[in-house]
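Q: What follows is a structure written as structure tokens; I'll ask about it next.
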Amino acid sequence: MDSSSPWLLLFVSLQLLSGPLAAVVAGGGAGSEGFLERARESEFFEWMVGIRRRIHEKPELGYEEFETSELVRSELDRMGISYKHPVAVTGVVGFVGTGKPPFVALRADMDALAMQESVEWEHKSKVPGKMHACGHDAHVAMLLGAAKILQEHKNELKGTVVLLFQPAEEGGGGAKKMIEAGAVDNVDAIFGFHVTTDTPIGKVASRPGPVMAASGFFEAVISGKGGHAAIPQHTIDPIVAASNVIVSLQHLVSREADPLDSQVVTVAKFQGGGAFNVIPDSVTIGGTFRAFSKESFFQLKQRIEEVIVGQASVQRCSATVSFLEKERPFFPVTINNDTLHAHFIKVAGEIVGPGNIRDRHPVMGAEDFAFFTEVVPSTYYYFLGMQSESGELLKPGHSPYFTVNEDVLPYGAALHASLAQQFLLQRADSAVQSPSEAHSSSHDEL
């Protein structure tokens, strides 16, 4: 056939429109690069900034995020995104896509901290004693940004993206309550993120395997017999007993733990007595313990109680130990799935460039995102850099001087959206290659 034939030109045109070019034409640049460009558009960026600042001005503690939840629902309504509410008191769970499997979840935490903001700026916290000092206001704004991008490309999604706006990350175990409410039933994978001040803007960081430790808290009351400080022989001094307990607790890590198995026991609370010349009847101590494996964590828990009770007894005192599990649930180890790490490297490389992905060293800090690792088949948590190379050093999270470099917002929105979109696309491709296996492992509804 002659290459100038109109039939050949028509055939080539149809092939191009039915292939990759069609997706670009239909989606207006549906790839990862297009997502970041969209999030950086002036109107889109200012919209995210406005959301973040509104949340920052009215910080709410765990399970009290009523106004934040209302803001989230209002924005989802404007986008035409369906959702469930309330979930775990104030949580919101949105849905974008087909409503059918596979299901991939994106999570942002919403709660603030009980501390006074010391940063003087136009949008400073208007609630005395409460502050968004960990970036959760930015997390919500970025997840809403991701939701907006995904909704604009909903017809291209090969499954359903579940949007988790979670309450009470700061010690309240909000993720656990979301799980109990069924928020991640049938979810195949989940992604979480956190802004960080120790990484430059435009760079991201993570690693496969354990990334954050399991954590728990303990409190002990050591009881003796009070009396005058000048006649200690007529007392049973709980302060001396508590001091011996604290020293002995340090030996759990230095003498009992494998040096290559990172663990921490810290006593950060010591309350006893109110006068210079009176030995009190009792002393209260408290602290935290951390480990990178479930076995090590529960071994530490057991030994903490044994040491406190035993050392108190040596000093003729009695002791009661509480691990405060109802108020402060134990956090599991946060573990990144190896396959999702490869997925993250690929997608993040498209968004920020391969040279802007950093390996994240494991830290002894904890994150209740870890609860999802116990019920969702594949989980992944990553960090978004905020530090400007030209600006002053940002203060770390949980500081009254903590600030957010709002230039991070487009990166979080685009990366979260792209991770979900491409995960669903890969699952769809796998289903085509192995339909029987995909059908047997999928679920009919969320």
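Q: Okay, helix-only estimate at 222 nm for the chain: each DSSP H run of n ≥ 4 adds -39500 (n - 2.57), divide by all residues, round to 500 deg cm²/dmol; what do you get?
A: Numbers: 12 runs with 166 residues, N = 446.
Per the formula, -12000 deg cm²/dmol.
Q: Separation of region 290-344 and region 105-144 by C-alpha centroid, Å?
A: Between the Cα centres of region 290-344 and region 105-144 lies a distance of 29 Å.
Q: As a quick test, which of the pairs Lys124/Lys269; Lys269/Lys301; Lys58/Lys177; Lys126/Lys148; Lys58/Lys294 have an alpha carbon distance above 26 angstrom in this structure?
A: Beyond 26 Å: Lys124/Lys269; Lys126/Lys148; Lys58/Lys294.
Q: Count the net charge of all other residues whose Cβ sits under 10 Å from the Cβ of Phe402, scoring Lys and Arg as +1 and Asp and Glu as -1.
A: Values: positive: Lys395; negative: Glu117.
Taking every other residue near Phe402 into account, the sum is 0.
Q: Additional query: Which angle from 0 to 90°, rounded to the nearest 10, does the C-alpha axis of helix 66-79 make with the longest principal axis of the chain?
A: 10
Q: A follow-up question, please. Counting only Cα atoms, I'd like the Rg/Rh figure for the chain, Kirkwood definition for Rh.
A: Rounded to two decimals, Rg/Rh equals 1.08.
Q: Something else now. Test of understanding: in a Gaussian network model of the chain with alpha carbons linked when under 10 Å, which of Gln233, Gln302, Gln271 would top the mean-square fluctuation ranking?
A: Greatest mean-square fluctuation among the candidates belongs to Gln233.
Q: Here's another thing I want to ask about it. Highest first, please rank the peptides 134-147, 383-396, 51-64 by the mean number of other Cβ atoms sitting within 10 Å of their residues.
A: Ranking the peptides 134-147, 383-396, 51-64 by packing returns 134-147, 51-64, 383-396.
Q: Now for a different question. Relative to the longest principal Cα axis of the chain, at what angle does helix 409-433 sit, 0 to 90 degrees, rounded to 10?
A: Value to nearest ten degrees: 70.
Q: To the nearest 10 degrees, how steep is helix 6-18 against the longest Cα principal axis of the chain, on a 0 to 90 scale?
A: 10
Q: State in Å² the accessible area per residue of the chain; use a 1.4 Å probe, count heavy atoms of protein chains only, and round to the nearest integer. Intermediate results must be reported in sequence, preceding the final value.
A: Numbers: 20500 Å² over 446 residues.
Per residue, the chain has an accessible area of 46 Å².
Q: Another question, if that's okay. Rounded to a whole number, what % of the accessible area of the chain do carbon and sulfur atoms account for, probe 1.4 Å?
A: Result for the chain: 54 percent of the exposed heavy-atom area is carbon or sulfur.
Q: If I build a Gaussian network model for the chain, linking alpha-carbon pairs within less than 10 angstrom, which residue out of Thr288, Thr197, Thr320 has the largest mean-square fluctuation?
A: Among Thr288, Thr197, Thr320, the largest mean-square fluctuation in the Gaussian network model of the chain belongs to Thr320.
Q: Related question: Can you give the net charge of the other residues whose Cβ lies under 9 Å from the Cβ of Ile279, counting K and R as +1 and D and E as -1?
A: The answer is -1.
Q: Taking the Cα centre of each part, how many Å lie between region 234-284 and region 348-387?
A: 35
Q: Something else about it: Only bridges whose two residues both fall in the chain count here: according to DSSP, what percent of them are antiparallel, nearest 5?
A: 65
The values are calculated or read from the model by the stated rules, or taken from the named source; none is laboratory data. Note that the structure is predicted; figures quoted are calculated from it, not measured. Ideal geometry is used to build each Cβ from the backbone, glycine not excepted, and the neighbour counts take in all protein chains shown. The accessibility values were calculated without ligands, DNA or RNA, using every heavy atom of the protein model including side chains. Shrake-Rupley method; radii C 1.70, N 1.55, O 1.52, S 1.80 Å.
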